[in-house]
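Written out below as structure tokens is the structure these notes cover.
Bear in mind that the values in this text are calculations on the coordinates, not laboratory data. It should be emphasised that the depicted structure is a prediction, and the values quoted were computed from it without experimental measurement. Backbone-built Cβ (ideal geometry, glycine too); neighbour counts: all protein chains shown.
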Amino acid sequence: MQVVTGEEMRKIDRFAMDELGMKEELLMENAGRAAARQLEKHYGSSAGKKVAVLIGKGNNGGDGFVIARILLEKGWHLDTWLLSEAEQFKGAARYHKELYEHCGYEWQYWSPKTMVHLQDEYSIMIDAMLGTGVTGELREPFKEAAALMNNSKGKVVSIDVPSGIPSGEEPVPDTAVKADMTITLQAPKVSAYLYPAKHHYGQLLVTDIGIPAKAMQVQQDGKREWREGDVVRTLPGRSAAAYKGSHGKGLLIGGSQKMPGAPAMASSACLYSGAGLLTAAVPFSAMTALAASQPEVMLTPLPEENGYVAPQVTAVNLPIEAYDSIAAGPGLGRGEGTRALVKHLVSKADVPLLLDADGLYFLPELEREVMERRSPLILTPHPGEMAHLAGVSISDVNRHRFTLSQNYARQHKCYVVLKGPDTIVTTPEGRQYVNTTGNEILARGGTGDILTGIMLGLVLQKGEISAAASNAVYLHGYAADLAVQEEFHSYSMASTDLIRYLPPAFRSIVSSL
């Protein structure tokens, strides 16, 4: 499913109208009918419900007139309130306003005094005030109406986007509708995956409004959700004739005296994600913990200084050319040894290289080495690490997750997995895949190390890198969802508990292959 900004959606609509010949009035009719069906499906019959539809002058208001007409025809007890002057309606919105009137239905001008008395009487308030073309602070009467809806006892349902919320990465105004549910039209909007905007959407329902596939292809190289069907479609199968070498030889480099558990968690997750053979290269002080927890993993000791990898690590006989993929970073620390190791790997490892955690820290010093790489480079930063890589603030990263990660991936010709709620995987060409699994249980130390292990295990299967990274993120989140559903609470769970939910997560996907 594609993810778009309002401007991208308007390009799709314009193509459907100008190139394919669809009438704007038909598109609006389709949108309103689809939204009305979702309302019926979600809230059932009209019995005992009093509904208000708040309408602005634009296309969102035109959708509102269609919704109001359809629901009135279904027998719903519904009042229609205009927040714009009647003569301001133009084009398709005017057409549907007049159709509504010709069908014998009435509307009233919105009045704050009237609505204050009536707001508690409505079971449902439908927000069709403002659509995707609005940015900045709300003006009156929309600002007051939004505040009134937010304080109402009834459910608030927004059409396409909550009024006041931008469709893209623009700032969220001080006052905007905070919906219980948003029925978004044809494709989810970028802001539905960004905080604080996401708080305003409530439950997100995406409804098809019949735009032809040819029109949707106008944005085909852009952004899309990554769902279970995508994992089923792209996860490599396993042959009964395979042997351990068939599923890849991986090298994981990490650990320190203070953080021996990071490579242990990553190693375990890698093994549970399909790796045929795994070698872990860690400082000597981290070897005991790893050997005790993961007997299947082969170990290579690294020189150590003050509990961390020593700078002479590059002189170690570490045959990086013998491995199919390499991951480095979990628990390494940020000493001179890590700096030397990362530079060596970026420059010399002619296989897919995954850098996470402390393995990312020195990359800003290695611009030339990064640009000269011939093999895939996969970076998995959280927002703080992304801020360091891009030279911006964490708040900038959180506000511009799509744009910033896309620009970085294109400029550095690498894959960027920007972690957080709705993790985004970006390819060197700028294609983006938004994850649809996971929950707050992942907001604890160690879960990033587990993701590194899963991703290394899937990259070793020699499929497409973007699919392997997206599948790793999906399964990581899916395991967290299963953990909450079956046993744990977000307050009470250790990161290592997540690993044992990888087998059922994989089983669910593989059973559909």
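In summary, the convex hull built on the alpha carbon positions of the chain has an orientation-averaged projected area of 26.0 nm². Straight Cα distances below 12 angstrom link Lys57 to the aspartates and glutamates Glu85, Glu87, with same-chain residues fewer than 8 positions distant left out.
Each of Asp18 and Ala315 was given a label point 7 Å from its Cα along the Cα-to-Cβ line. The distance between the two points is 6.6 nm. Considering only Leu345, Gly457, Gly307, the residue lying farthest towards the positive end of the dipole of the chain is Gly457, judged by Cα position with unit charges set on Cβ.
Dipole magnitude for the chain: about 660 debye, using +1 per Lys or Arg Cβ and -1 per Asp or Glu Cβ, origin at the Cα centre.
A DSSP coil position with no more than 15 other Cβ atoms inside 10 Å describes the following trypsin sites (Lys or Arg not before Pro) in region 85-189: Lys90, Arg139, Lys153. As a rough footprinting exposure proxy, the listed residues Arg227, Arg69 were ranked by other beta carbons within 10 Å of their own, and the order from fewest upward is Arg227, Arg69. Segment Ser511..Arg410, full-extension length gain: 32.8 nm, with 0.36 nm per residue of separation and the alpha-carbon distance subtracted. The sum of -39500 (n - 2.57) across all DSSP H runs of n ≥ 4, divided by the residue count of the chain, sets its helix-only mean residue ellipticity at 222 nm to -12000 deg cm²/dmol.
Once backbone amide H atoms are built at 1.01 Å from N, Ile209 has Gln186 as its partners under 5 Å, excluding neighbours fewer than 5 places away on the same chain.
Compared with the alpha-carbon gap, the fully stretched path from Ala86 to Lys153 is longer by 21.3 nm at 0.36 nm per residue. Label reach from Arg233 (point 7 Å along Cα→C-beta): in region 184-213, amide nitrogens under 15 Å belong to 213.
Phi angles of region 18-25 translate, via the Karplus equation with coefficients 6.51, -1.76, 1.60 and θ = phi - 60°, into HN-Hα couplings of 6, 9, 9, x, 6, 7, 4, 4 Hz per residue; Gly and Pro are given as x. Taking chymotrypsin sites (Phe, Trp or Tyr not before Pro) across region 283-340, none is in a DSSP loop with at most 15 further Cβ atoms lying within 10 angstrom of its Cβ. Label-to-label distance, Lys348 versus Arg334, with points set 7 angstrom from Cα along the beta-carbon direction: 2.5 nm. In plain terms, the chain is cut at each of the GluC sites (Glu not before Pro) found in a DSSP loop with at most 14 other Cβ atoms within 10 Å, and the longest leftover piece is 138-295. Proximity of backbone amide H atoms, modeled 1.01 Å from N, is registered between Asp160 and Ile183, Thr184, Leu185 at under 5 Å, excluding neighbours fewer than 5 places apart on the same chain.
Report the local net charge at Tyr109: Lys and Arg +1, Asp and Glu -1, summed over other residues whose C-beta lies under 15 Å from its C-beta. Taking every Cβ under 15 Å from that of Tyr109, the sum is -4.
Sparse packing (at most 14 other Cβ atoms within 10 Å of the Cβ) combined with a DSSP loop state is found for the following trypsin sites (Lys or Arg not before Pro) in region 8-54: Lys23. A simple spin-label model places the labels of Lys113 and Gln257 7.8 nm from each other, with each point 7 Å out along Cα-to-Cβ. If you take all other residues with their beta carbon under 12 Å from the beta carbon of Pro428, and give Lys and Arg +1 and Asp and Glu -1, the sum is +3. Across region 391-407, coupling constants 3J(HN,Hα) worked out from phi with the 6.51/-1.76/1.60 Karplus curve, θ = phi - 60°, read x, 10, 7, 4, 4, 5, 4, 5, 7, 10, 4, 5, 5, 5, 5, 5, 4 Hz, and Gly and Pro carry x. Two numbers describe the Cα atoms of region 242-510: Rg and Dmax, which are 17.0, 48 Å.
Given the pairs Lys90/Lys214; Lys74/Lys113; Lys23/Lys198; Lys90/Lys143; Lys74/Lys97, which span a C-alpha to C-alpha distance of over 25 angstrom in this model? Listed pairs above 25 Å: Lys90/Lys214; Lys74/Lys113; Lys23/Lys198. Ordered by the count of other Cβ atoms within 10 Å of each Cβ, fewest first, Thr114, Thr338 give Thr114, Thr338.
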